[in-house]
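See structure below.
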Amino acid sequence: MAVGWAGDGAVQEQIDAGIEDEIKRARSRLSRGKSLTHCRECGEPIPPARQKAVPGVQLCIDCQTELEEGQGSFTGFNRRGSKDSQLK
């Protein structure tokens, strides 16, 4: 089936590329190394259960929540807005 300039499997390639990008982004945000016993921001103790559950944790729950709320959501790239996909 002709789909304009897009080659066979182009849509699946775009989907796969988007998934791979999101996996890389998520992995880059994971903590690494030894967990801290006290929050690096406020100095409050980090509970042992949190240290065990999140290896490499550096922030208490309150500071982590504040950090994540400040980051907002990541929308990524609009791969569907490419010229090839608009030619269908």
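The values are calculated or read from the model by the stated rules, or taken from the named source; none is laboratory data. Model, not experiment: these values are computed from the prediction. Don't worry about glycine lacking a Cβ; one is built from the backbone with ideal geometry, like all the others, and counts go over all protein chains shown.
Brief remarks on what is shown
- Residues located in segment 29-88, provided they are modelled with pLDDT of 90 or more and β-branched (Val, Ile, Thr): 37, 46, 57, 61, 65
- Taking segment 8-28 as the range and being at pLDDT 85 or above and either polar (S, T, N, Q) or under 30 Å from residue 59 (Cα atoms) (or both) as the test, the residues that pass are 12, 14, 18, 19, 20, 21, 22, 23, 24, 25.
- Number of residues in segment 18-38 that are without any contact (Cβ under 8 Å) to a residue 40 or more places away in the chain and either part of a helix (DSSP H, G or I) or touching a His at 6+ places or on another chain (Cβ under 9 Å) (or both): the value is 7.
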